[in-house]
Amino acid sequence: MTRVSTGSNYSVMTSNLMRAQLRQNVLGEQVASQKIANDLKGYAKNAEVLTAMRSAQAKINGLIDQTKLVSNRLDMQETGVNQMADAVGSAKGAIENAIAAGNAATLMQQLEAAFTNTVQGLNTKSNGRYVFGGAKTD
């Protein structure tokens with residue numbers, strides 16, 4: 001004797017198996033075609049995630065651009081500082097040579113050249129702005 005609910009249980013199980021098989025077929029098609037959907041309706045579930053990802057991508061691209069600008073400015077700053085350091089070393093060497101030789105005939109010309117190089121280092125520009133100009137520029 002079969003119970004009244006046994007038939008409906010078989011029907012529910014068969015229906016669940018058919019639904020699982022249908023879902024497996026859909027997922028198999030997605031894997032084979034490497035597409036989630038053929039139209040925009042299929043992407044509706046993920047639209048918020050896609051929008052958030054695009055927003056994050058735009059932010060990251062902005063940060064990358066800023067990093068490139070900062071890197072360029074730091075490179076120019078390094079160039080200016082190195083130029084000033086070389087000028088100071090040149091002035092120091094000129095003074096040492098003048099003292100060692102006991103003759104300062106060309107010392108002033110060498111110091112002027114070192115001073116000119118120092119000024120050029122301080123006037124280094126990056127993107128049309130002075131690197132060592134400070135925050136307030138008029």
query = For the range 11-123, what is the relative contact order in percent, using Cα pairs closer than 8 Å and at least 6 residues apart in sequence?
reply = 24 percent
query = Taking trypsin sites (Lys or Arg not before Pro) that fall in a DSSP loop and have at most 13 other Cβ atoms within 10 Å as cut points, what is the longest piece of the chain between them?
reply = 36-135
ask   = If you build a Gaussian network model of the chain, linking Cα atoms that sit under 10 Å apart, which residue out of 91, 100, 114 swings the most?
value = 100
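What's the magnitude of the charge dipole for the chain around its Cα centre, counting Lys and Arg as +1 and Asp and Glu as -1 at the beta-carbon? Answer in Debye, nearest 20.
Working: 14 positive and 10 negative charges, 239 e Å.
Using Cβ point charges on Lys, Arg, Asp and Glu, the chain gives about 1140 debye.
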Label point distance in nm, residue 107-residue 19, each placed 7 Å from Cα along Cα→Cβ = 9.8 nm
request  = Between residue 36 and residue 8, take the C-beta separation as r, use R0 = 35 Å, and let me know the FRET efficiency to the nearest 0.05.
outcome  = 0.50
query = Based on the Cα atoms of the chain, what semi-axes does the equivalent ellipsoid have, where each is the square root of 5 times one gyration tensor eigenvalue, given in whole Å with the largest first?
reply = 81, 16, 12
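All of the numbers you see were taken from the coordinates with simple rules; none came from a lab. Just so it is clear, the model here is predicted, and its values are computed rather than measured. When we count neighbours, we look across all protein chains shown, and the Cβ atoms used for this are built from the backbone with ideal geometry, even at glycine.
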